[in-house]
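Asker: Quick one: this structure, given as structure tokens, is what I'll be asking you about.
The values are calculated or read from the model by the stated rules, or taken from the named source; none is laboratory data. What you see is a predicted model, and the numbers here were worked out from it, not measured in a lab. Positions of Cβ are generated from backbone atoms using ideal geometry, with glycine treated the same way; all protein chains shown enter the neighbour counts.
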Amino acid sequence: MNKSLTIRSQIVNYLKSMSLWLCCLPLDTFTISHIISGTLVVYLLDIFIQQFKLKVPNIGYLWFINMEKDYLPTLLRSNNTVFTFKELSLLWNETDVKLTKKRVYRYSKMGKLYPIRKGIYAKDKNYDKLELANKIFTPAYISLETVLSKEGIVFQHYDQIFVVSYLSREISCNGQTYVFRRMKDVVLTNSINIEKRNNYHIASKERAFLDTIYLNKNYHFDNLSSINWDICFEMLPIYDNKAMGKRLNSYRKST
């Protein structure tokens, strides 16, 4: 019989016997999370290798340890509710894309990661939808009707979440619609009056107001009494649009 197969069989049988032994221990000795943890599996394998004096290639063994290390605590400690694949790699300090993919797949199968769409995951189904809106396309920030409605500048309620980004698109994820409106790069990358809040970026009411009149020649606003016009005129140059300046003056005179 192939020697490697014999060793593999011995390892499997030994781990099975160790698992039965663990099941007989009181729960206060080993918590369930430790029993199912990959770290414990590596620990048992290490005992087996030392006991039987097996010669295991260092590279392969280190790879196995790295694969089985429990990365969940790092994930759970994060304030984020939504993660892109790149963010998970950075969070785990992992440069090997294949290892990250395998880890993400494993945690998804275990129910520890919730796949939202390709390359984007959440801790569970109760993720922050505004946070997701910032991560479907980047750079991006919450603006337009989502902010205007919240601030009472428009009275209509919108179920959609409106986002400014580098392209125009409408996407649905788990029953929520996200509307993306394209903004030119010089405006999109300017952070003036954009606040970072709870892991997402959102425009101030003045920034959302200017975004709206830049993207729409004629737009009806229900209540402009709370707009700070000085802030609006200070931001106007970043849009570099003369016609928008005329519209801004017209809205100001109407109040």
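Asker: Does Lys135 satisfy the condition of being under 19 Å from the mean Cα position of the chain (by Cα), without any contact (Cβ under 8 Å) to a residue 60 or more places away in the chain, assigned to a loop (DSSP other than H, G, I, E, B) and within 27 Å of Lys205 (Cβ to Cβ)?
Answerer: On the way: under 19 Å from the mean Cα position of the chain (by Cα): yes; without any contact (Cβ under 8 Å) to a residue 60 or more places away in the chain: yes; assigned to a loop (DSSP other than H, G, I, E, B): yes; within 27 Å of Lys205 (Cβ to Cβ): yes.
Taking the combined requirement at face value, the residue satisfies it.
Asker: A further question on this structure: Give me the residue from segment 70-99 that is of a type in the set (Val, Ile, Thr) and assigned to a loop (DSSP other than H, G, I, E, B) and, out of that set, farthest from Lys129 (Cα to Cα).
Answerer: Initial filter on segment 70-99 (of a type in the set (Val, Ile, Thr)): 74, 81-82, 84, 95, 97.
This time we only want the ones that are assigned to a loop (DSSP other than H, G, I, E, B), so: 81, 95.
Values: Thr81: 9, Thr95: 28 Å.
Filtering first and then ranking leaves Thr95.
Residue-wise test of (1) more than 30 Å from Leu188 (Cβ to Cβ); (2) of a type outside the set (A, V, I, L, M, F, W, C); (3) assigned by TED's automatic domain parsing to the domain that holds Tyr214.
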{"residue": "Val97", "(1), (2), (3)": "no, no, no"}
{"residue": "Ser108", "(1), (2), (3)": "yes, yes, no"}
{"residue": "Gly119", "(1), (2), (3)": "no, yes, no"}
{"residue": "Lys135", "(1), (2), (3)": "no, yes, yes"}
{"residue": "Tyr141", "(1), (2), (3)": "no, yes, yes"}
{"residue": "Ser149", "(1), (2), (3)": "no, yes, yes"}
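Asker: Pick from Asn93, Asn134: which is under 24 Å from Arg77 (Cβ atoms), buried (at least 17 other Cβ atoms within 10 Å of the Cβ) and not β-branched (Val, Ile, Thr)?
Answerer: On the way: Asn93 fails: buried (at least 17 other Cβ atoms within 10 Å of the Cβ).
So the residue among Asn93, Asn134 that is under 24 Å from Arg77 (Cβ atoms), buried (at least 17 other Cβ atoms within 10 Å of the Cβ) and not β-branched (Val, Ile, Thr) is Asn134.
Quick grid of which residues meet (1) modelled with pLDDT under 95; (2) assigned to a strand (DSSP E or B); (3) not hydroxyl-bearing (Ser, Thr, Tyr):
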| position | (1), (2), (3) |
| --- | --- |
| Thr177 | no, yes, no |
| Arg181 | no, yes, yes |
| Val187 | no, no, yes |
| Ala208 | no, no, yes |
| Ile227 | no, no, yes |
| Ala243 | yes, no, yes |
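Asker: Within segment 177-208, track down each residue that is out of contact with any strand residue (DSSP E or B) (no Cβ under 8 Å at 6 or more places or on another chain), among the hydrophobic types (A, V, I, L, M, F, W, C) and surrounded by 21 or more Cβ atoms within 10 Å (Cβ to Cβ).
Answerer: Hit for segment 177-208 is Ala208, nothing else.
Asker: So, one more: Answer with yes or no whether Lys112 is at pLDDT below 95 and surrounded by 15 or more Cβ atoms within 10 Å (Cβ to Cβ). Even if it seems obvious, please write down each step before you answer.
Answerer: Values: at pLDDT below 95: yes; surrounded by 15 or more Cβ atoms within 10 Å (Cβ to Cβ): yes.
Against the criterion (at pLDDT below 95 and surrounded by 15 or more Cβ atoms within 10 Å (Cβ to Cβ)), Lys112 qualifies.
Asker: May I pose another question? Take Thr146 and tell me if it is loosely packed, with under 14 Cβ neighbours inside 10 Å and among the hydroxyl-bearing types (Ser, Thr, Tyr). Working first, answer last.
Answerer: Values: loosely packed, with under 14 Cβ neighbours inside 10 Å: no; among the hydroxyl-bearing types (Ser, Thr, Tyr): yes.
Taking the combined requirement at face value, the residue does not satisfy it.
Asker: If Asn174 passes every condition in (1) touching a residue at least 24 places away in the same chain (Cβ under 8 Å); (2) surrounded by fewer than 20 Cβ atoms within 10 Å (Cβ to Cβ); (3) in contact with a Lys or Arg (Cβ under 7 Å, 6 or more places away or on another chain) but one, which one does it miss?
Answerer: Tallying (1) touching a residue at least 24 places away in the same chain (Cβ under 8 Å); (2) surrounded by fewer than 20 Cβ atoms within 10 Å (Cβ to Cβ); (3) in contact with a Lys or Arg (Cβ under 7 Å, 6 or more places away or on another chain), Asn174 fails exactly one: (3).
Asker: Continuing with the same structure: Among the residues of segment 138-169, what is the count of those that are hydroxyl-bearing (Ser, Thr, Tyr) and assigned to a loop (DSSP other than H, G, I, E, B)?
Answerer: Keep residues of segment 138-169 that are hydroxyl-bearing (Ser, Thr, Tyr), which gives 138, 141, 143, 146, 149, 158, 165-166, 168.
Now drop any that are not assigned to a loop (DSSP other than H, G, I, E, B), which leaves 138, 143, 158, 166, 168.
Total satisfying the criteria: 5.
Asker: Looking at (1) out of contact with any Pro (no Cβ under 7 Å at 6 or more places or on another chain); (2) closer than 23 Å to Asn80 by Cα, which is the only condition Thr189 fails?
Answerer: It fails just one condition, (1).
Asker: Is it the case, given these coordinates, that Ile171 is in contact with a His (Cβ under 6 Å, 6 or more places away or on another chain) and in the same structural domain as Ile227 (by TED's automatic domain parsing)? Reasoning before the result, please.
Answerer: Details: in contact with a His (Cβ under 6 Å, 6 or more places away or on another chain): no; in the same structural domain as Ile227 (by TED's automatic domain parsing): yes.
In short, no.
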